[in-house]
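Only one structure is covered here, and it is reproduced in the block below.
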Amino acid sequence: MKLPTALSILLGLVLLVAGGDVVVRGAGKLAIAAGVRPLVVGLTVVAFCTSAPELAASVTAAFAGSPGLAVGNVLGSNIANVGLILGIAGLVRPIAVQSTVLAREVPAMIAASLLLVGLAWDGTLSRADGVVMLVALAAYLAVMVRMELRAYEPQVEAQVAAAVGATELRGRSVALVVLGVGMLVVGADRLVAGAAALARSSGLSEEVVGLTVMAVGTSLPELAASVAAARKGQGDMVLGNVVGSNIFNILCILGATAVIRPIEGAMAAFSRDLWVGVGFAVALWPMLGRGRTLFRHEAALLVAGWCGYTWWIL
């Protein structure tokens, strides 16, 4: 049965957001039950799972022959994560970062953004480019986990453990992961179908729809998690959710998508947006430089920057 465009997009977003949350909780609890330290879970399992909606949507779009939606979803999500989500979280409460490990993720996000610009310079992300990004991701995770194991930070461990929740029976956690993945698959299919139909009916390009509707929609898990963490004063979780997700979006999602199905020629349409993503990443570094705190006036600048960018591309 063919659903109306708006209903297809709404259903897809609901399933992606709910599925992403279910996968985070199930996978996080499994990892902690297996003896993995909470901050390692936050740096790996949680960061990956909060990017699961973007992964599902981008891979589905690439296979559906809509590379503009796939790439726009990732780039737009990264820009929205810093400008809109981190900005809103900072308006709720100034973001104070205690962890030296998480603070070092910002330069890693900048490096990943610049790597993407370099690889996409010819307008294509080939399988070789995808392999380079996946190798970079593996190296980043190895370095971050090693740093965390050398510098025990109990306040951050407690934040991650509280975000994941109490451990449960492993069978139930496995069931949560399976259920969440199923929701992600169905949600991605509905969202991509609705977004492609919206692009055809509205006259907007797939690139713009990916950068806006899909990007904001698939970033809703980060928004919910970041605002909740900000209200509790968990600044490390806020930064970890946003910055970790951005790194995974670039290195894992675009890397995996390119390996599965090379993105031929589509990157040329995003030359402006690639540099906007770099700009937001670079802007965040000095903002966190003063006592590792993002203040409300700086958060307001991030939100204003995102609103201006969105108005510009529309």
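The values are calculated or read from the model by the stated rules, or taken from the named source; none is laboratory data. In this text, all values refer to a predicted model and were calculated from it rather than measured experimentally. Counting neighbours? That spans all protein chains shown, and the Cβs are built from the backbone with ideal geometry, glycine included.
So which pairs qualify, if the first residue must be in the stretch 288-314 and surrounded by fewer than 19 Cβ atoms within 10 Å (Cβ to Cβ), the second must be at pLDDT 95 or above and assigned to a loop (DSSP other than H, G, I, E, B), the Cβ gap must be under 7 Å, and the two must be at least 6 apart or on different chains?
Going by the 7 Å Cβ cut-off, there are no qualifying pairs.
Could you identify the single residue in M267, M237 that is out of contact with any Cys (no Cβ under 9 Å at 6 or more places or on another chain) and within 17 Å of N73 (Cβ to Cβ)?
Details: M237 fails: within 17 Å of N73 (Cβ to Cβ).
M267 is the lone residue from the list that is out of contact with any Cys (no Cβ under 9 Å at 6 or more places or on another chain) and within 17 Å of N73 (Cβ to Cβ).
So which residues in the stretch 260-307 are acidic (D, E) and either in a helix (DSSP H, G or I) or touching a Lys or Arg at 6+ places or on another chain (Cβ under 8 Å) (or both)?
Of the residues in the stretch 260-307, the ones acidic (D, E) are 264, 273, 298.
Listed by number, the residues that qualify are D273, E298.
Got a number for residues in the stretch 82-121 being in contact (Cβ under 8 Å) with a residue 12 or more places away in the chain and either β-branched (V, I, T) or closer than 24 Å to A268 by Cβ (or both)?
If we filter the stretch 82-121 for residues that are in contact (Cβ under 8 Å) with a residue 12 or more places away in the chain, which is where we start, we get 82-110, 112-117, 119-120.
Of the ones still in play, those that are also either β-branched (V, I, T) or closer than 24 Å to A268 by Cβ (or both) are 82-83, 85, 88, 92, 95, 97, 100-101, 106, 109-110, 112-117, 119-120.
Within the stretch 82-121, residues that are in contact (Cβ under 8 Å) with a residue 12 or more places away in the chain and either β-branched (V, I, T) or closer than 24 Å to A268 by Cβ (or both) number 20.
Give the stretch 90-119 a look and list any residue that's more than 25 Å from V143 (Cα to Cα), crowded, with 19+ Cβ neighbours inside 10 Å and touching a Leu at 6+ places or on another chain (Cβ under 8 Å), or say none.
G90 - this is the single residue of the stretch 90-119 that is more than 25 Å from V143 (Cα to Cα), crowded, with 19+ Cβ neighbours inside 10 Å and touching a Leu at 6+ places or on another chain (Cβ under 8 Å).
Taking the stretch 184-211, which residues are touching a residue at least 60 places away in the same chain (Cβ under 8 Å), surrounded by fewer than 21 Cβ atoms within 10 Å (Cβ to Cβ), not in a loop (DSSP other than H, G, I, E, B) and not hydrophobic (A, V, I, L, M, F, W, C)?
If the condition is that a residue be touching a residue at least 60 places away in the same chain (Cβ under 8 Å), surrounded by fewer than 21 Cβ atoms within 10 Å (Cβ to Cβ), not in a loop (DSSP other than H, G, I, E, B) and not hydrophobic (A, V, I, L, M, F, W, C), then D189, S201 are the ones that fit.
Residues are listed down the side, and each one gets a yes or a no for (1) more than 17 Å from the chain's Cα centre (by Cα); (2) basic (K, R); (3) over 20 Å from L211 (Cβ atoms); (4) modelled with pLDDT of 90 or more:
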position: A230; (1), (2), (3), (4): yes, no, yes, no
position: L239; (1), (2), (3), (4): no, no, yes, no
position: A269; (1), (2), (3), (4): yes, no, no, yes
position: G277; (1), (2), (3), (4): no, no, no, yes
position: R296; (1), (2), (3), (4): yes, yes, yes, yes
position: W311; (1), (2), (3), (4): yes, no, no, yes
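For D236, work out the one condition from (1) outside any helix (DSSP H, G or I); (2) touching a strand residue (DSSP E or B) at 6+ places or on another chain (Cβ under 9 Å); (3) not β-branched (V, I, T) it doesn't fulfil.
Status for D236: all satisfied but (1).
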